[in-house]
1. Please work out how much length the chain gains when fully extended from Leu72 to Ala49, using 0.36 nm per residue of separation minus the C-alpha to C-alpha distance, in nm with one decimal.
2. What GluC sites (Glu not before Pro) does the stretch 28-100 have in DSSP loop regions with at most 13 other beta carbons within 10 Å?
3. What FRET efficiency comes out for Ala105 versus Ser79 if R0 is 30 angstrom and r is the Cβ-Cβ distance? Round to the nearest 0.05.
4. Near the amide H of Ile57, under 5 Å away, which other amide H atoms are found, from residues 5 or more places off or on another chain, if H is placed in the peptide plane?
Amino acid sequence: MNVHKLLDTSPFFDIVKYSEHSNYSKDNVAFSGAPQKHPYDKNKIILVADPFSTHTIFYEFKLNDIAHVDELSSLVSESGESLKMVKLWVKKGTIGLRYEPFLVADAMKGFHGGDAKS
């Protein structure tokens, strides 16, 4: 699925925006990236850490676990595509998912200390 199709110009969910005068680092952890609607769960959000990279990481969080949102500068690709970037302040102690692409052949070496035998 094309990540750019998930961009939406509607208001950014029902999350309270980050206030520049507040400090959320005591009870929350910051994650930065391009926010995307979850493909099938309206109570979750996908955050693409480095959207124009060939090796990016995706984070998935429940909306209820996000304490605040800080808008960052938008990113623009070489082809002129623009993506909104945010910093999400996620409550410490909650569960998030991290998706990271990898080449299966390389991963097998790392997990088994050598070539995988079939």
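Just so it is clear, none of the values below were taken in a lab; they were calculated from the coordinates. No experiment lies behind these values; they were computed from the predicted model shown. Virtual Cβ from ideal backbone geometry, glycine too; neighbours counted across all protein chains shown.
1. On the way: separation 23, 0.36 × 23 = 8.28 nm, distance 1.27 nm.
Using 0.36 nm per residue and subtracting the Cα-Cα distance, I get 7.0 nm.
2. Numbers: sites: Glu60, Glu71, Glu78, Glu81; in loops: Glu78, Glu81.
Taking the stretch 28-100 and a limit of 13 other Cβ atoms within 10 Å, the loop GluC sites (Glu not before Pro) found are Glu78, Glu81.
3. Values: r = 31 Å, r/R0 = 1.03.
Step by step, r from the Cβ atoms, then E = 0.45.
4. Answer set, sorted by chain and number: Ala49, Asp50.
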